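Here is the structure we will look at, set down as structure tokens.
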Amino acid sequence: MSKQVLILPGDGIGPEIVREARRVLEAVNTRYSLGLELDEALVGGAAIDATGKPLPDETLAAAKAADAILLGAVGGPKWDTIPDFSIRPEKGLLGIRSSLGLFGNLRPAILYPQLAHASSLKPEVVSGLDILIVRELTGGIYFGQPRGIREKEGGIREGFNTYVYDENEIRRIGRVAFEAARARNKRLCSVDKANVLEVTVLWREIMNDLAKEYPDVELSHMYVDNAAMQLVRAPKQFDVMVTGNMFGDILSDAAAMLTGSIGMLPSASLDESGKGMYEPCHGSAPDIAGQGIANPLATILSAAMMLRYSLDAGDAADRIEAAVSSVLDQNLRTADIMSSGMTRVSTSEMGDAVLAALNA
Ligand SMILES: NC(=O)c1ccc[n+]([C@@H]2O[C@H](COP(=O)([O-])OP(=O)(O)OC[C@H]3O[C@@H](n4cnc5c(N)ncnc54)[C@H](O)[C@@H]3O)[C@@H](O)[C@H]2O)c1
Ligand SMILES: CC(C)[C@H](C(=O)O)[C@@H](O)C(=O)O
Ligand SMILES: [Mg+2]
């Protein structure tokens with residue numbers, strides 16, 4: 001039976017990195033007879049330019065109909081000054097996450113041993129690093145109402161957002177995290193700001209409740225400011241971290257750097273049934289877009305996660321991950337993970353090398 005994969009290249013380096021991931025998907029599709037049908041649609045700035053909307057109706061319909069989605073990245077300075085804030089590339093991405101109910105965001109930060117020297121942290125601090133950040137993706141301050149910019153008395157403008165989670169939203173992301181911890185090293189750290197924010201007082205209470213159902217998982221709590229510090233001080237103390245939308249956004253970029261580069265961190269965004277969208281954690285990198293130097297590995301590794309979690313093709317996923325490890329063994333590096341003695345390659349040369357390793 002065929003399976004539909006919707007590819008959303010997006011903006012900036014998005015099309016460049018997705019091109020390489022698509023070639024990898026096509027290769028495993030043939031090798032493992034996966035029956036994948038790949039289709040592409042517009043999202044973000046590219047969609048604004050073509051249709052006036054960051055998430056055109058056709059794209060949303062195709063996303064809903066697909067078995068899985070692979071996204072590059074959206075956004076860029078070209079669209080940052082559109083006065084109507086609802087017409088921003090990022091709204092396209094947020095719209096898909098929310099419309100498809102993709103609340104469970106898995107961001108694994110794994111250090112490939114070959115990259116121990118590419119990390120900005122000392123090799124002994126990061127070697128063997130393997131942590132999973134579970135980020136709530138469809139609630140919290142990103143989506144809370146009311147929000148906006150309004151005028152107070154005296155004509156003073158104020159911006160406002162609402163940080164809100166109900167207990168059901170907390171419980172369902174908590175379950176994702178406890179289950180993930182159970183399948184790993186059975187340690188879960190819930191990150192909050194319960195010393196200041198009531199919404200996270202409730203978050204902590206629900207996590208403690210859930211812990212009773214998972215006696216095999218050791219639950220701890222940490223304030224987000226400390227968590228940011230601990231991630232760069234001693235990241236290997238963590239196994240699974242669970243947190244809300246905004247804290248997860250910030251902590252996952254910090255965790256990405258532990259792996260050598262933000263260009264290495266893949267992600268999965270899943271609904272209740274395991275359907276998902278897969279994307280690198282990084283953005284559209286306008287500073288390097290069009291130069292052919294972006295690292296495509298986070299996107300290629302996101303495609304592997306897609307095969308494993310949504311397309312029942314774990315063997316193909318394993319093969320892609322092994323191919324990535326093999327190109328690193330061959331000392332091939334894009335600029336972001338370059339270090340002395342290595343061979344610098346372009347985006348497409350990195351794609352070529354992964355394909356060659358896949359077929360070897
Ligand atoms: N999921 C997404 O689509 C997503 C995520 C984050 C940011 N954004 C958007 O991207 C735009 C730029 O945001 P930003 O600059 O804050 O973050 P960014 O992640 O795009 O870039 C941060 C830095 O990391 C580098 N970088 C990122 N990905 C890389 C890769 N694959 N290879 C090599 N280097 C890479 C960039 O060159 C830049 O120096 C904004 O419009 C933002 O809203 C989109
Ligand atoms: C582009 C933006 C909306 C997005 C987010 O904040 O979730 C990005 O930073 C991410 O990490 O996926
Ligand atoms: Mg982010």
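The values are calculated or read from the model by the stated rules, or taken from the named source; none is laboratory data. None of these values were measured; they are calculated from a predicted model. Note that we place each Cβ from the backbone using ideal geometry, even for glycine, and neighbour counts take in every protein chain shown.
For Val217, the conditions (1) surrounded by fewer than 19 Cβ atoms within 10 Å (Cβ to Cβ); (2) more than 18 Å from the chain's Cα centre (by Cα) all hold with the exception of (1).
Determine if the stretch 300-320 includes at least one residue that is within 16 Å of ligand 3 (Cβ to nearest atom), on the phi < 0 side of the Ramachandran plot and out of contact with any Lys or Arg (no Cβ under 8 Å at 6 or more places or on another chain). Within the stretch 300-320 (the criterion being within 16 Å of ligand 3 (Cβ to nearest atom), on the phi < 0 side of the Ramachandran plot and out of contact with any Lys or Arg (no Cβ under 8 Å at 6 or more places or on another chain)), the answer is yes, since at least one residue qualifies. Within the stretch 1-55, the set of residues being in a helix (DSSP H, G or I), within 20 Å of the chain's Cα centre (by Cα) and not small (Gly, Ala, Ser) comprises Pro15, Glu16, Ile17, Val18, Arg19, Glu20, Arg22, Val24, Leu25. In this structure, Ser220 does not satisfy being assigned to a loop (DSSP other than H, G, I, E, B) and more than 16 Å from ligand 1 (Cβ to nearest atom).
Looking only at the stretch 260-289, how many residues end up being away from ligand 1 (no atom under 12 Å from the Cβ) and farther than 27 Å from Gly139 by Cβ?
Here is the first cut: in the stretch 260-289, the ones away from ligand 1 (no atom under 12 Å from the Cβ) are 268, 270-276.
Narrowing further to those that are farther than 27 Å from Gly139 by Cβ: none.
So the answer is 0.
Is it fair to say Gly274 is over 24 Å from Val345 (Cα atoms) and modelled with pLDDT under 95?
Working: over 24 Å from Val345 (Cα atoms): yes; modelled with pLDDT under 95: yes.
For Gly274, the condition - over 24 Å from Val345 (Cα atoms) and modelled with pLDDT under 95 - is met.
Within the stretch 220-245, the residues that satisfy the criterion of being crowded, with 20+ Cβ neighbours inside 10 Å and touching a residue at least 40 places away in the same chain (Cβ under 8 Å) are Pro235, Phe238, Val240, Met241, Val242, Thr243, Gly244, Asn245.
When residues in the stretch 132-187 are screened for being aliphatic (A, V, I, L, M) and in contact with a Leu (Cβ under 8 Å, 6 or more places away or on another chain), 9 of them pass. Scanning the stretch 96-113 for residues being within 15 Å of ligand 3 (Cβ to nearest atom) and either surrounded by fewer than 18 Cβ atoms within 10 Å (Cβ to Cβ) or among the polar types (S, T, N, Q) (or both) gives a total of 1.
Considering the stretch 63-95, the residues that are within 20 Å of Gly44 (Cα to Cα) and of a type in the set (Asp, Glu) include one that is surrounded by the most Cβ atoms within 10 Å (Cβ to Cβ), namely Glu90. Among the residues of the stretch 151-166, is any modelled with pLDDT of 95 or more and buried (at least 20 other Cβ atoms within 10 Å of the Cβ)? Yes, the stretch 151-166 contains at least one residue that is modelled with pLDDT of 95 or more and buried (at least 20 other Cβ atoms within 10 Å of the Cβ). Residue check: is Ala322 surrounded by fewer than 22 Cβ atoms within 10 Å (Cβ to Cβ) and more than 21 Å from Gly351 (Cα to Cα)? Against the criterion (surrounded by fewer than 22 Cβ atoms within 10 Å (Cβ to Cβ) and more than 21 Å from Gly351 (Cα to Cα)), Ala322 does not qualify.
The condition (being on the phi < 0 side of the Ramachandran plot, in contact with a Lys or Arg (Cβ under 8 Å, 6 or more places away or on another chain) and touching a residue at least 24 places away in the same chain (Cβ under 8 Å)) is satisfied by just one residue among Leu60, Leu36: Leu36. Within the stretch 69-95, the residues that satisfy the criterion of being aliphatic (A, V, I, L, M), within 16 Å of ligand 3 (Cβ to nearest atom) and more than 13 Å from Tyr142 (Cβ to Cβ) are Leu71, Ala73, Val74.
Taken as a whole, the structure leaves Ala353 outside the set of residues that are surrounded by 24 or more Cβ atoms within 10 Å (Cβ to Cβ), away from ligand 3 (no atom under 16 Å from the Cβ), modelled with pLDDT of 95 or more and among the small types (Gly, Ala, Ser).
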